[in-house]
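Everything on this sheet refers to the single structure shown next.
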Amino acid sequence: MKIMKKGVICVFICILMIVSTILPVSGTTVSKKVSLTRGNTLYVGGSGPNNYTKIQDAIDNASNGDMVFVYDDASPYYENLMIQKSITLRGEDKNTTIIDGRKGHSVIDINYSNVTIHGFTIQHEAETSNWYGILIKGNDCTIVGNIIQKNSDGILINNGPGHIINPRGHNILNNIIRNNQYSGILAVIGGLNFTISGNTIEENGDSGIILANNVTSGNIIIHNIITNNHRYGIIIDGTFNNITENTIQNHVYGKFRGTGIWIQGVFGSSDNRITRNNLINNTIQGFQKKTGSLADIFTLLKLNNVWDENYWGESLSEPVRISGLFIGWLSIHRGPLRGMSFNVFLFPWPAYDAHPAQEPYDVPEMS
């Protein structure tokens with residue numbers, strides 16, 4: 001028995017010695033596998049010997065995966081930037097690192113996917129401009145921690161000739177978007193799977209956020225402060241969008257008398273969730289509209305959106321009615337008016353918030 005015990009102990013010691021020799025090699029191999037290769041950093045401004053003086057020059061010399069870091073000592077930078085590679089453009093401080101497009105084109109024109117813009121004031125010094133703060137024509141871009149002001153539209157997401165048909169995957173986070181001539185954020189051909197979060201969007205001449213076109217789907221709009229825009233707080237055209245925990249306040253002007261959230265759509269605009277928002281002092285707090293062929297009316301009226309647990313500016317114990325309208329059209333297939341359509345029928349399409357919140361939610365404001 002003693003001999004057997006000694007044999008077991010010897011075998012155990014041998015195993016320990018073998019494992020102790022293998023583990024360091026194995027650990028080194030694993031660490032090599034998980035190590036990530038980072039791109040280079042190119043500098044603009046500052047005092048480095050090889051730093052660039054123009055942001056566009058640094059962008060032109062960057063490669064995919066690189067960062068262009070911009071110091072604020074030479075700010076404002078009067079440039080109209082074109083980005084056609086996957087890079088990060090990073091400012092030293094959003095309050096003091098200013099890119100000004102003057103009266104020229106868009107301040108930043110992104111014509112590529114996987115681009116990040118972080119830490120700038122992006123503006124046109126002219127009081128009126130027909131150009132955008134940021135124009136995006138790719139996918140999966142991130143716009144984070146900027147001040148975007150005094151442009152035609154703050155951020156425009158568009159396809160245009162040869163551009164992405166259904167843009168997707170953009171993240172617009174923690175920006176201050178204000179005092180633009182028209183909208184804060186405008187996606188004219190809709191979008192898929194955007195996240196718009198933590199932004200302060202205020203004092204824009206038309207609307208806070210517009211996601212147009214009925215292909216808009218799967219977007220999340222959360223934790224934004226949207227106030228004092230001229231017409232709409234948010235206007236959405238599409239399905240399966242989630243608007244939650246935003247403050248939408250003081251939209252009281254304009255042709256449509258100011259609307260907090262406007263849901264509209266052709267052939268649908270359904271299955272959107274509008275929950276736990278503060279809707280305060282908007283002339284029309286919420287509204288939904290559908291348009292479609294008269295032949296589709298019964299199908300379309302079955303498609304609904306969910307409004308639930310929103311705060312409507314006061315403590316309410318009864319369900320809140322959200323006004324809505326279905327506009328039916330009649331298409332002409334014969335005769336001199338062939339090919340034309342006319343709106344010939346209006347049908348109420350209301351919704352209800354069955355569980356209105358008794359007090360406002362706390363949505364922190366960007367500083």
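What the table shows:
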quantity	calculated
Filter result for G260 (buried (at least 18 other Cβ atoms within 10 Å of the Cβ) and not in a loop (DSSP other than H, G, I, E, B))	yes
Selection within segment 94-104 - surrounded by fewer than 24 Cβ atoms within 10 Å (Cβ to Cβ) and either part of a strand (DSSP E or B) or within 22 Å of the chain's Cα centre (by Cα) (or both)	K94, N95, I98, D100
Conditions (1) within 19 Å of N151 (Cβ to Cβ); (2) without any contact (Cβ under 8 Å) to a residue 40 or more places away in the chain; (3) not basic (K, R); number of the one not met by Q84	(1)
Criterion: modelled with pLDDT of 95 or more, in the same structural domain as V107 (by TED's automatic domain parsing) and of a type outside the set (A, V, I, L, M) - qualifying residue of T227, T216	T227
Members of segment 189-204 found to be under 13 Å from the mean Cα position of the chain (by Cα) and either closer than 15 Å to L156 by Cβ or at pLDDT below 95 (or both), listed by number	G190, G191, L192, F194, I196, I201
Selection from segment 100-149 of residues that are hydrophobic (A, V, I, L, M, F, W, C) and modelled with pLDDT under 95	A126, W131
Residue ranges of strands (runs of 3 or more DSSP E) in segment 134-217 with at least 1 members in contact (Cβ under 8 Å) with a residue 24 or more places away in the chain and closer than 16 Å to F120 by Cα	134-136, 142-144, 147-149, 155-157, 171-173, 176-178, 200-202
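The values are calculated or read from the model by the stated rules, or taken from the named source; none is laboratory data. Remember, predicted model here, so these are calculated numbers, not experimental data. Cβ atoms come from the backbone with ideal geometry, glycine included; neighbour counts cover every protein chain shown.
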